[in-house]
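Colleague: One structure is given below, represented as structure tokens, and several questions about it will come after.
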């Protein structure tokens, strides 16, 4: 699946801030077009980020999510309605 401009900006920001070993950004906007916050006209409003980074080692889940949110900064405020995060350190189950 090809990312649009918002997804590409997210990818660049996460790569720069967290140097992930693995990064997937999945645009799930089409699955949410029917409810409030869904934007079928412009898309790119709902994402799932799967990220594996050494930066997460020894950190609790809430801190990992905060790190992802901080890296995405203004994109979350201005453009992204919903973000689902799967954040793991290398070697963790599912990583």
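The values are calculated or read from the model by the stated rules, or taken from the named source; none is laboratory data. Computed from a predicted structure; not experimentally measured. Virtual Cβ from ideal backbone geometry, glycine too; neighbours counted across all protein chains shown.
Colleague: Return the total of residues in the stretch 46-76 being in a loop (DSSP other than H, G, I, E, B) and either free of Cβ contacts under 8 Å to residues at least 24 places away in the same chain or under 21 Å from residue 8 (Cβ atoms) (or both).
Modeller: Qualifying residue count for the region: 3.
Colleague: If you don't mind, there's one more thing I want to ask. Which residue is modelled with the highest pLDDT, if the candidates are limited to the stretch 77-95 and must be crowded, with 16+ Cβ neighbours inside 10 Å and part of a loop (DSSP other than H, G, I, E, B)?
Modeller: 89
Colleague: Consider residue 48 carefully, then state whether it is in contact with a strand residue (DSSP E or B) (Cβ under 6 Å, 6 or more places away or on another chain), surrounded by 14 or more Cβ atoms within 10 Å (Cβ to Cβ), under 16 Å from residue 81 (Cα atoms) and modelled with pLDDT of 95 or more.
Modeller: On the way: in contact with a strand residue (DSSP E or B) (Cβ under 6 Å, 6 or more places away or on another chain): yes; surrounded by 14 or more Cβ atoms within 10 Å (Cβ to Cβ): yes; under 16 Å from residue 81 (Cα atoms): yes; modelled with pLDDT of 95 or more: yes.
Spelling it out, residue 48 is indeed in contact with a strand residue (DSSP E or B) (Cβ under 6 Å, 6 or more places away or on another chain), surrounded by 14 or more Cβ atoms within 10 Å (Cβ to Cβ), under 16 Å from residue 81 (Cα atoms) and modelled with pLDDT of 95 or more.
Colleague: Has the stretch 11-24 got any residue that is modelled with pLDDT of 90 or more, surrounded by fewer than 12 Cβ atoms within 10 Å (Cβ to Cβ) and part of a loop (DSSP other than H, G, I, E, B)?
Modeller: Checked against the condition, which is being modelled with pLDDT of 90 or more, surrounded by fewer than 12 Cβ atoms within 10 Å (Cβ to Cβ) and part of a loop (DSSP other than H, G, I, E, B), the stretch 11-24 yields at least one hit.
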